[in-house]
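The values are calculated or read from the model by the stated rules, or taken from the named source; none is laboratory data. Since the structure is predicted, the reported quantities are computational estimates derived from the model, not experimental observations. Virtual Cβ from ideal backbone geometry, glycine too; neighbours counted across all protein chains shown.
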Amino acid sequence: MKNFIPVFKDKNKASEDRSKIFVASRRDFLKIGSLATGGFLLGVNFQCSGPKGEVVTFAPNVYISFDSDNQVTLIAHRSEMGTGIRTSLPMIMADELGADWSKIKIVQAEGDEDKYGNQNTDGSFSVRMFFEPMRKAGATARHMLIQAAAAKWGVDPSECYTENSEVHLKESRKKVTFGDLVQDLLVMPLPDPAAVKSKELSEYKLVGTDVAIYDAKDIATGKAVFGADVDLPNMQIAMIARSPVVGAKIISYNDAKALAVPGVNQVVKIEGAGIPPGLDKPLEGLAVLASNTWAAKKGREALEIEWDLGPNQDYNSTAQLEAMAKSTLQNGKVRRERGNFNAAKSGAAKTLDKTFKIPFYAHATMEPIAVIADYKGDGSVEIWAPSQHPQWARGAVAGALGIELSQVKINVTLLGGGFGRKSKPDGVVEAALLSKAAKTPVRVQWTREDDLHHDFYHSHSAQRIVATLDGSGKLTGWNQHSVFPAIGATGNPDELHPSDGELGLGCTDFPFDVPNIRIETHESKAHTRIGWLRSVSNINHAFAAQCMMDEIAEARGVDPVQQAIELLGEDRDLNFAEETGGKYENYGEKIEDFPWNTGRMKKVIQAVAEKSNWSQNLAAGKAMGFAAHKSFLTYVACVVMVEKDANGNLNIPEVHYAVDCGVGVNTDRIKSQFEGGAQFATSLAMTSAITFDKGRVQQHNFDSYQIIRMPQSPKKIEVHIIPSTEKPTGVGEPPVPPYIPALANAVYKLTGKRIYELPFKI
Amino acid sequence: MENYTLTINGKKQEVSAEPDMPLLWVLRDLLNMKGTKFGCGQALCGACTVHLDDVAIRSCSLPISEVGAGNITTIEGLSEKGDHPLQEAWVEHVVPQCGYCQGGQIMTAAALLKQNPTPSEAEIEAAMQGNLCRCGTYNRIKSAIQTAASR
């Protein structure tokens with residue numbers, strides 16, 4: 001896979017995905033109709049001759065159906081891992097339709113990108129990619145309903161509108177439910193797409209408001225179904241002893257004691273990929289299959305395995321991070337160049353030279369991976385998985401089992417957290433392989449230890465920044481050295497530098513008006529599996545750059561908020577193409593479609609300064625820090641307030657965010673992503689780190705890999721959403737990057753100590 | 001294997017299990033009650049919280065042999081119609097993000113309110129600190145508990 005990170009989608013592919021969904025020809029509709037078997041499209045009957053009394057369903061496209069008893073059903077085709085996307089995209093359709101939201105039914109799509117378009121729930125792009133298609137889907141259905149009602153009443157369609165899942169005739173009491181129009185719709189041709197008009201933004205009643213998530217009550221009553229909650233008859237539970245060091249292979253094993261554990265039925269070896277481990281393959285391992293989870297766990301503990309630990313057995317991450325930091329003292333590979341940094345440096349009145357380090361991070365989703373597979377006698381397999389990327393999982397299973405894609409059916413459950421971990425299909429492949437070997441349904445159950453030991457980690461990183469000031473205090477030069485093992489190295493060990501995509505996450509898109517800029521990278525090898533975690537390399541880049549900007553402001557004797565506004569310069573669109581040799585990727589979007597606009601960035605900065613009362617005189621013992629960072633095409637500015645409590649512990653009484661994400665769809669979920677982002681980022685900043693010694697992860701559970709608990713959470717998190725009619729962009733990841741430097745800058749003001757390494761303690 | 005009689009959500013249940021099997025897996029694997037979640041297996045995260053005689057306990061770390069004759073309440077049995085004041089407040093504040101930890105959070109909060117119907121903010125934080133949430137819903141959890149306590 002060339003574009004190994006799903007967030008960096010092929011530019012042409014993205015628009016293909018968008019258009020593929022709405023080929024609204026009669027032929028396609030017929031095709032969709034005849035494909036429908038069971039579930040959400042059941043009963044589609046194009047001949048409109050449903051047996052008497054049977055509910056007839058009409059589905060104008062794959063996302064929407066309504067039946068004769070007026071039940072409107074909407075398909076959620078993106079994975080729900082906590083962002084609220086399962087609610088937000090259907091909201092857009094319902095709003096266009098004029099459906100009664102309180103009676104909507106939402107059904108989760110199975111993994112099938114030919115049918116639903118892109119389902120890779122990653123890169124904060126669900127709303128960005130599907131806002132227009134969802135509008136179009138809803139508008140198409142509304143158009144047809146109105147046509148049908150107008151024909152029935154012998155009026156012009158312009159006289160009709162939809163509301164509460166009914167078509168109404170203006171200035172009259174005439175109305176008809178969607179359900180009562182099903183029979184008419186079934187014989188109606190699909191409209192010419194050009195004739196279908198979406199509503200104006202100002203006409204929306206749901207979009208732009210706070211809407212509760214569809215699953216709230218099921219979650220609060222324990223009824224929501226996550227990966228491990230699916231139960232099949234005769235299902236066995238598997239626990240796997242996996243390579244303790246990436247690349248380790250089994251030399252020999254003795255499973256006699258494991259098989260003696262009551263409830264244990266079978267031991268199955270899983271052939272691992274070795275080195276490189278790959279992004280879509282299981283690690284080598286020995287699986288214990290049992291009739292219940294506890295027996296599987298005890299059986300696994302009783303295994304005796306002799307490992308060939310392979311080339312990573314001496315790996316020590318602390319030593320590597322030191323070596324990475326040291327490597328930045330040399331010249332690296334130049335990735336962006338403006339002006340002449342060396343000249344700026346030799347003419348500088350003052351030079352700041354700082355190195356920022358972060359550790360490996362694990363995703364630590366609250367739900368450890370759990371996948372159910374049912375390999376059937378005919379060679380097909382059905383999967384139930386908490387997967388962020390069901391289509392990738394489907395392909396990986398087909399490849400591993402040597403079967404056709406069409407023989408793999410993948411059902412997507414709710415995800416108990418994702419953050420990028422559940423994009424990877426390793427657990428899904430494990431379940432499929434084991435079900436095939438055992439000839440029974442199998443649930444692969446990961447433990448917390450498995451989760452922390454066998455993640456695709458966020459890479460540790462060293463960032464050295466050299467900044468130069470002239471005699472007048474002007475910032476004349478910015479030289480950032482970025483070094484971290486790249487995600488691509490997990491599949492290709494020859495990838496020794498961060499990719500263009502990874503650098504475009506907060507490094508080569510450095511937006512400030514500095515006459516001399518040089519961005520360079522240095523080599524580092526991956527000795528474990530590297531993946532992507534909520535906001536990816538924006539974490540390391542924003543931490544370094546935004547802490548450095550604070551330090552520069554101090555050296556210049558200017559306010560950091562004022563400095564950011566000053567250095568963003570005039571309102572304009574930035575273009576990094578020339579200085580990066582055309583290698584800036586802009587999150588897979590064309591820069592013309594989603595420009596980097598300094599005016600929008602300044603607006604969020606001004607808003608956060610105002611909302612946080614940035615210029616206030618704080619009481620002694622309190623301090624505020626600031627940072628602003630655009631990621632995933634969303635503009636964010638953040639102010640964090642800190643104080644020390646009586647025991648000397650750090651408290652975070654207030655956090656203020658301002659965000660411009662274009663049109664806000666579900667404003668409550670925008671806020672909740674920012675609330676959650678601040679808490680997630682507090683863990684990254686202050687409590688979490690993965691380290692390796694002798695190739696093995698040294699953290700095992702939540703005692704040694706800590707995430708914040710309620711008392712450590714910021715007390716108040718205010719989210720100010722800038723009203724906008726710009727194209728919507730995502731909010732899952734953008735809250736994380738600016739928070740960490742804003743917190744670090746606040747801690748500096750409180751303690752006088754700069755933070756150069758995460759996680760920090762005070 | 002031993003035979004045990006448990007009282008779960010007011011109903012007697014007969015199960016055969018190894019004595020060291022934690023209550024969590026008895027509930028999930030043997031009784032097919034999936035509301036109680038597995039998070040860490042070490043009583044560090046609270047996802048598996050249930051009540052034993054009105055006290056919040058971590059079911060992942062309580063062997064069935066030590067459960068005894070007490071009444072076990074799980075998230076499925078907290079209220080008959082899903083209308084416990086905490087459940088209602090949870091929906092009202094739209095607390096959940098991914099939702100995986102929330103059953104455990106609600107069970108810990110319910111035990112707290114039973115013991116202390118009007119907890120202070122500090123008391124809420126102290127009672128809830130054993131329940132992890134990775135999505136970051138702590139503030140809404142706190143607000144929902146305060147709302148439920150005020151009713």
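Here are the numbers:
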read-out: Residue in region A:692-733 that is nearest to the other protein chains (Cβ to nearest Cβ), counting only those that are surrounded by fewer than 16 Cβ atoms within 10 Å (Cβ to Cβ) and part of a strand (DSSP E or B); value: A:Lys716
read-out: Out of B:Gln87, B:Gln105, sole residue that is surrounded by 24 or more Cβ atoms within 10 Å (Cβ to Cβ) and more than 9 Å from chain A (Cβ to nearest Cβ); value: B:Gln105
read-out: Residues located in region A:349-391, provided they are farther than 30 Å from B:Pro96 by Cβ, in the same structural domain as A:Gln698 (by TED's automatic domain parsing) and buried (at least 18 other Cβ atoms within 10 Å of the Cβ); value: A:Thr355, A:Phe356, A:Lys357
read-out: Residue match in region B:112-123 (condition: of a type in the set (Gly, Ala, Ser) and more than 9 Å from chain A (Cβ to nearest Cβ)); value: yes
read-out: From A:Leu329, A:Leu289, A:Leu283, residue being touching a helix residue (DSSP H, G or I) at 6+ places or on another chain (Cβ under 9 Å), part of a loop (DSSP other than H, G, I, E, B) and of a type in the set (A, V, I, L, M, F, W, C); value: A:Leu283
read-out: Conditions (1) crowded, with 17+ Cβ neighbours inside 10 Å; (2) in contact with a strand residue (DSSP E or B) (Cβ under 6 Å, 6 or more places away or on another chain): number failed by B:Met33; value: (2)
read-out: Number of the exception - A:Arg464 against (1) part of a helix (DSSP H, G or I); (2) in the same structural domain as A:Thr351 (by TED's automatic domain parsing); value: (1)
read-out: Residue list for region B:131-151, filter: within 8 Å of another protein chain (Cβ to nearest Cβ), closer than 14 Å to B:Leu112 by Cα and surrounded by fewer than 24 Cβ atoms within 10 Å (Cβ to Cβ); value: B:Lys142
read-out: Single residue of A:Ala59, A:Ala94, A:Ala137 found to be at pLDDT 95 or above and touching a strand residue (DSSP E or B) at 6+ places or on another chain (Cβ under 7 Å); value: A:Ala94
read-out: Residue identified as part of a helix (DSSP H, G or I), in contact with a strand residue (DSSP E or B) (Cβ under 9 Å, 6 or more places away or on another chain) and of a type in the set (Gly, Ala, Ser) among A:Ala319, A:Ala348, A:Ala343; value: A:Ala343
read-out: Output for region A:571-583, where each listed residue is buried (at least 19 other Cβ atoms within 10 Å of the Cβ) and either at pLDDT below 95 or acidic (Asp, Glu) (or both); value: A:Glu579
read-out: Check on A:Ala295, out of contact with any helix residue (DSSP H, G or I) (no Cβ under 8 Å at 6 or more places or on another chain), within 21 Å of A:Ser524 (Cβ to Cβ) and of a type in the set (Gly, Ala, Ser); value: no
read-out: Contacts under 6 angstrom Cβ, first residue in region A:187-212 being within 14 Å of chain B (Cβ to nearest Cβ), partner at pLDDT 95 or above, 6 or more apart; value: A:Asp210/A:Thr667; A:Asp210/A:Asp668; A:Val211/A:Met91; A:Val211/A:Asn666; A:Ala212/B:Val94
read-out: So B:Ile145, is it of a type in the set (Val, Ile, Thr), in a helix (DSSP H, G or I) and within 13 Å of the chain's Cα centre (by Cα); value: no
read-out: Subset of region A:257-274 [within 30 Å of A:Asp494 (Cα to Cα) and at pLDDT 95 or above]; value: A:Lys269, A:Ile270, A:Glu271
read-out: Condition met for A:Gln407 (surrounded by 24 or more Cβ atoms within 10 Å (Cβ to Cβ), over 15 Å from A:Val230 (Cα atoms) and assigned by TED's automatic domain parsing to the domain that holds A:Met235); value: no
read-out: Filtered residue count, region B:49-83, keeping only those that are within 11 Å of chain A (Cβ to nearest Cβ), part of a loop (DSSP other than H, G, I, E, B) and within 27 Å of A:Thr365 (Cα to Cα); value: 3
read-out: Residue list for region A:56-108, filter: among the small types (Gly, Ala, Ser), in a helix (DSSP H, G or I) and over 22 Å from the mean Cα position of the chain (by Cα); value: A:Ala94, A:Ser102
read-out: Number of positions in region A:667-689 that are under 25 Å from A:Phe130 (Cα atoms) and more than 10 Å from every other protein chain (Cβ to nearest Cβ); value: 2
